[in-house]
Structure formats: C-alpha cells, structure tokens
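Novice: The structure's right below; bear with me while I get my questions together.
Rule-based calculations on the coordinates, nothing more; no lab input. Since this is a predicted model, take the numbers as computed values, not measurements. Quick reminder, even Gly has a Cβ in these numbers, built from the backbone with ideal geometry, and neighbours come from all protein chains shown.
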Amino acid sequence: QEPMDAQAKPSAPRLPRYERHVQPCLAELLGTALFIFTGCLAVLDEPGGTGRLQPALAHGLALTATVAVLGDI
C-alpha cells in the first residue's frame, strides 16, 4: 500500500475569471455606492438637532438591510 501522503488529493476546481475578479469588484462597487447614497440622503434635509445620529443610523440600517437580504450569497 502507498502511504497517505503519496495519494493524489483532488484539487478544488478553479473558478472562472468572472467569479474571481469581476464579481467581487462589482459587489464592492455596489456596496460603496449604497453607503454613499444613503449617507448623502441622510444629511440632505437635516430636521434640526439630529447631528451625527441620523447619518449613522442611515448607514447602520442600510448595512443591516444588505446583510439580511444578501447574507447567504
């Protein structure tokens, strides 16, 4: 019998270029656009004394919604 180390281990299949490079870049672009968009909308019409709370909540809720919707991808 051959030792365990000498046996050929099946290698993981190589992912296509789209899944390795393009898909992560698109996800990063969409995530950044979402945060910039929600941050700009949160401070667009400041109703008074909310200060930094309103943009912080907007970003937190946007992140929560994104993780809840796309978390299992």
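Novice: Subtract the Cα-Cα distance of R14 and L70 from 0.36 nm times their separation in residues, and report this length gain in nm to one decimal.
Specialist: Full-extension gain reported as 17.8 nm.
Novice: While we're looking at this one, here's another question. At most 16 other Cβ atoms within 10 Å and a DSSP loop assignment: could you name the trypsin sites (Lys or Arg not before Pro) in region 9-42 that fit?
Specialist: Within region 9-42, the qualifying trypsin sites (Lys or Arg not before Pro) (loop, at most 16 other Cβ atoms within 10 Å) are R14.
Novice: Spelling out what I want: for every residue of region 14-20, take phi, set θ = phi - 60°, compute 6.51 cos²θ - 1.76 cosθ + 1.60 (Karplus), and round to whole Hz; glycine and proline get x.
Specialist: 7, 6, x, 4, 4, 6, 7
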